[in-house]
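Coordinate-derived values only; no laboratory data. On a predicted model such as this, the values are computed, not experimentally measured, just so you know. Backbone-built Cβ (ideal geometry, glycine too); neighbour counts: all protein chains shown.
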Amino acid sequence: MAKINILHVYKTSMPASYGGVESFIDTLCKQSSKLGVKNTVLTLHPKPLKQPIEMDGYSVHQAKQNLFLASTGFSASAFSKFKRLSNDADIIHYHFPNPFADMLHVACRPKKPSIVTYHSDIIKQKQLLHIYRPLKKWFLNSVHQIVATSPNYFVSSDVLQRYADKVSVIPIGIDPKAYETVDSERLDFWRSRLSKPFFLFIGAMRYYKGLHIALEAIAGTEIQIAIAGINGIEKDLKAQASSLQLKNVDFLGFVGDEDKVALLHLCYGFIFPSHLRSEAFGISLLEAAIVGKPMISCEIGTGTTFVNSANETGLVINPGSAPELREAMQFLIDNPKVAANMGKNAKKRSLELFTADQQAKSYHDLYQKMLNSNH
């Protein structure tokens, strides 16, 4: 079978940047390469490397980022790079939101089938959205296929509903094998540091993650939480913890993969208090589920409650409610059999719906379908 050449376009990429979309692209490229897909990623960087970066299953081409405005990079040299790389591609795979990719698509008008993975609505930049809306509309009208990452997000997104006739749902997946083996030294290290049963959060400390609500929730209780992650509002959170005189929160900073797996296996349960729709899916929920941990998340109409099915794999609370989060954590502590059963259900559900193999196969089938219909 002939290889399918896919050009992915996103604002950032591993190894220069680690985030939810970057992790998604990395996993998809790794797994789909095993199915005969040749993946190339075009991204921006303030100090780009001249040569492509060879990753596991794909190569990354960096164009120089000349301007960064409203969470979006812009590049003059990207236009020529995009034209050259798109000539060699069978399909162009955009990752939304990324307004600069819309500009590339409109300006260069590649004569290739195009697909968009729609990771999230644009939530924060509401004023600039008015200016951007015509370009966004033209872009989404012109692409051939759109993929939503969960049925929940598809149903709750006004934008996706407008393009329902060309939307498919392919859930995000992770590789279960990456979470099976625990480094005994790292496990011992964290067990000695976090001696009491604790709830874990892993992720970037962004404004929509609801971590200020988690700190409020544990004030005046003996419930222990551990927060692994950096960036964003870390200073604000530490100041809040200090003002609340909290002795039951540990800020762990950045943790590598071995530490992350050890912490996931060690924790009692996983909290994910994201309270705004900027949290479109929550890959770290998948990581908690795959090791069999009960989860607590908020109902925000996105993929978080597709991963964490209420009262089956964990508890779902109203967004922004510290009392409800406190009650949910206390309930799991007081009912260890229920918590353990939810953890088992979480693992079973993740293996049924959210593996990297399933994700790669679904995209490969969609790529093939697009090429067949294009011919």
Partners for K209 among aspartates and glutamates (Cα-Cα distance below 15 Å; same-chain residues under 8 apart left out): E234, D236, E279, E299
Under the 7 Å Cα-to-Cβ spin-label approximation, R109 and S77 lie apart by a distance in nanometres of 2.8
Net charge near A241, counting Lys/Arg +1 and Asp/Glu -1 over other residues with Cβ under 14 Å of its Cβ? -1
Taking K47 as the anchor, which lysines have their alpha carbon closer than 26 Å to its alpha carbon, excluding any fewer than eight residues away along the same chain? K11, K30, K38, K64, K81, K83
Efficiency by 1/(1 + (r/R0)^6): what FRET value for N87 and D183, r their Cβ-Cβ distance, R0 = 45 Å, to the nearest 0.05? 0.50
Those chymotrypsin sites (Phe, Trp or Tyr not before Pro) from the stretch 231-326 that are DSSP loop and have at most 15 other Cβ neighbours within 10 Å turn out to be F254
For A63, distant residues with modelled amide H under 5 Å away: T43, L44, H45
Quickly work out the K247-to-D158 label distance, labels modelled 7 Å from Cα along the C-beta direction, and quote it in nm with one decimal. 5.0
Taking a ≥ b ≥ c as the square roots of the eigenvalues of the Cα gyration tensor, with a/c under 1.5 meaning rounded and otherwise prolate when a/b exceeds b/c and oblate if not, the stretch 225-302 is oblate
Any lysines with Cα under 19 Å of the K347 Cα? List them, leaving off those in the same chain fewer than 8 positions away. K177, K260, K293, K337
